[in-house]
Amino acid sequence: MSGELRILPVAFTARRPQRMIERHIVAYRRQWLIIVSGFFEPLFYLLSMRAGLGNLVGKVSVAGTQVPYDAFVAPALMASSAMNGAIFDSTGNVLHRLKYARIYDAALATPMSPTDVAMGEIGWALLRGQLYSISFLGVMAALGLVQSWWVLMALPACALIGLTFAGIGFAGTTYMRGWADMDIVNTATMPLFLFSATFFPAASYGSWAWVVQLSPLYHGVALVRAANAGVWTASILAHIAVLLLVSIIALSIAARRLDVLLRK
Amino acid sequence: MTESLIVARQLVKRFGEFTAVDGIDVEVQRGEAFGFLGPNGAGKSSTMRMIGCVSPVTSGSLRLFGLDPATHGAQIRRRLGVVPQLDTLDTELTVQENLWLYGRYFDLSRSEAKRRAKELLEFAQLADRADSIVDHLSGGMKRRLSIARSLINEPEMLLLDEPTTGLDPQARHVLWDRLYRLKQQGVTLVLTTHYMDEAEQLCDRLVVMDQGKIVAEGSPRELIDRYSTREVLELRFTAGTNEALAPQVQGIGERQELLPDRVLVYADDGEAALAATHARGLQPESALVRRSSLEDVFLLLTGRTLAD
């Protein structure tokens, strides 16, 4: 049997990931301010683009049409925000619950499995991410940055981005030794944020454009941008395939590592 | 008729080169209070984790309720309550949320989980702290909450790893009382401890573990009768002279044991042994005659004290 066939079912063996999500909903009821604060990030981003950079840069070509710079950047920021949210939820919070609060140890003494825990955490990250994506979309619409009704497809696109990065974040966290390793997270996400055709088209990288394609965020940005423009090409399928593949691999590593760490 | 809830045969747990549990045979009957007694590092916790189905068996066989943990882990855990050595309470939740949310992990309905949580708060004497954040509880309260949480699924067997370590004497007695009530309700108790008094208070039967092996098995009374004398004479000499004076008590009682801070003389009649000591012209700073305890059994079996 091939590796892919064996790793595929891992994510699907989860029986009660919703229990982990329920726990988080109860825990965050008292910390709603943390949730609310996440809504402001996109607003600040978009306003700064409009007021500052947008005026300097002028228009950019997307799918053959000229669009204002802030309309070019907005979908990319939406995708980046989905990435950042997922990474945030799946690294620091998970490290705390895994190594310090030992919440997962308690859960595994019940019928809950490591896969339930991993999928629950990722489900939670997705849920929270969707809230922010919806609010981001609202802000974009209010600022007149939405170009097509297809933009609603940016929500599932952001869910896929969230899935990918929550998986990567969770898998990476299982290798962390302590809080010091959290610095690596910033070091890793910063270049992704800057060099995923976020602020300028991939074509501007010239002969280095292929490097950009290695970034999972690049594929996410392409999806959200296509949704906003309402222009779909066959390459969309390739972007979706890349993100799905990375997600499945990352989730499988995450579930397996959790098993190794907690069921010694 | 008795029913074996735990059957372990030649059970082994290895971590790389290190063998934590080295081929033990254990059988625990329904309704029993069974103890694993031994010093830190004896393999008690590793054994408990295998029984709790959170640690795979390296070799040998283990059956819980007649089921194999490797294939029926979730079904077995559904029937177990686990109180880990270090509290794994959820510090972001209140006392009662800790209880009912844990019940949800066992697929209890929300209303049933909350109903049981309320009952358990009474049982754990925490009803007035229901809405406190866990971090604000004392050590004894946290332990009681851990035990309450482990009961949310009405387990048939409760696993307690060092249940009273780090608690003050009063908190320990409250806890023992709660555990005793559970036993009377028919819950099978399996615990590890390195406290002799705890083992003597709670366990119907126990095994003494040392370096991953079982070195003795029986009821506390049986073990004492089998391995020790009825009484023990404890002699303390002027600091630093124990070693020099120890040979002079040789021949008194059945056995003598030299410890860093005292000399133990095992004898069925402790007073007679003390008289014999005085007759030899020895002047201990203090002398105490007491009944033999499991501590003595352990010392005899392993040549070490439990605190080592």
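The values are calculated or read from the model by the stated rules, or taken from the named source; none is laboratory data. Keep in mind that what you see is a predicted model, and the values were worked out from it rather than measured. Cβ: placed from backbone, ideal geometry, glycine included. Neighbour counts: every protein chain shown. These area figures cover heavy atoms from the full protein model, side chains too; ligands, DNA and RNA do not enter into them. Shrake-Rupley method; radii C 1.70, N 1.55, O 1.52, S 1.80 Å.
Data for the structure
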read-out: Residue satisfying all of: in the range B:64-99; within 7 Å of chain A (Cβ to nearest Cβ) and among the polar types (S, T, N, Q); nearest to A:ARG23 (Cα to Cα) among these; value: B:THR91
read-out: Odd one out for A:LEU126, checked against (1) farther than 18 Å from A:LEU251 by Cα; (2) assigned to a helix (DSSP H, G or I); value: (1)
read-out: Those residues of the range A:221-253 which are open to solvent by 60 Å² or more (accessible area, probe 1.4 Å) and closer than 19 Å to A:ASN84 by Cβ, in sequence order; value: none
read-out: Total residues in the range A:127-151, condition more than 17 Å from the chain's Cα centre (by Cα) and not small (Gly, Ala, Ser); value: 9
read-out: Flag if A:ASP105 is buried (at least 23 other Cβ atoms within 10 Å of the Cβ), within 14 Å of chain B (Cβ to nearest Cβ) and either charged (D, E, K, R) or within 17 Å of A:MET190 (Cα to Cα) (or both); value: no
read-out: Count of residues meeting criterion [crowded, with 19+ Cβ neighbours inside 10 Å and outside any loop (DSSP other than H, G, I, E, B)] in the range B:235-245; value: 1
read-out: Selection from the range A:185-210 of residues that are in a helix (DSSP H, G or I), more than 21 Å from A:GLY169 (Cα to Cα) and either modelled with pLDDT of 85 or more or open to solvent by 40 Å² or more (accessible area, probe 1.4 Å) (or both); value: A:ALA203, A:SER204, A:TYR205, A:GLY206, A:SER207, A:TRP208, A:TRP210
read-out: Residue list for the range B:280-300, filter: more than 20 Å from B:THR238 (Cβ to Cβ) and open to solvent by 50 Å² or more (accessible area, probe 1.4 Å); value: B:ARG290, B:ARG291, B:GLU295, B:LEU300
read-out: All positions within the range A:72-103 that are outside any helix (DSSP H, G or I) and touching a helix residue (DSSP H, G or I) at 6+ places or on another chain (Cβ under 9 Å); value: A:THR91
read-out: Condition check for A:ALA118: of a type in the set (Gly, Ala, Ser), part of a helix (DSSP H, G or I) and within 10 Å of chain B (Cβ to nearest Cβ); value: no
read-out: In the range B:209-231, the residues that are within 26 Å of B:THR58 (Cα to Cα) and out of contact with any Phe, Trp or Tyr (no Cβ under 6 Å at 6 or more places or on another chain); value: B:ASP210, B:GLN211, B:GLY212, B:LYS213, B:ILE214, B:VAL215, B:ALA216, B:GLU217
read-out: Scan of the range A:50-71 for residues that are touching a Pro at 6+ places or on another chain (Cβ under 8 Å) and in a helix (DSSP H, G or I), ordered by number; value: A:GLY54
read-out: Of residues in the range B:100-134 being in contact with a helix residue (DSSP H, G or I) (Cβ under 8 Å, 6 or more places away or on another chain) and among the polar types (S, T, N, Q), the one nearest to the other protein chains (Cβ to nearest Cβ); value: B:SER132
read-out: Some residue of the range B:135-148 being within 13 Å of chain A (Cβ to nearest Cβ) and either more than 30 Å from B:LEU64 (Cβ to Cβ) or assigned to a loop (DSSP other than H, G, I, E, B) (or both); value: yes
read-out: Residues of the range A:49-68 classified as among the small types (Gly, Ala, Ser) and open to solvent by less than 60 Å² (accessible area, probe 1.4 Å), total; value: 3
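The rows are residues; the columns are (1) part of a helix (DSSP H, G or I); (2) in the same structural domain as B:PRO39 (by TED's automatic domain parsing); (3) closer than 24 Å to B:ASP197 by Cβ.
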{"position": "B:GLN248", "(1), (2), (3)": "yes, no, no"}
{"position": "B:LEU264", "(1), (2), (3)": "no, no, yes"}
{"position": "B:ALA272", "(1), (2), (3)": "yes, no, no"}
{"position": "B:LEU282", "(1), (2), (3)": "no, no, no"}
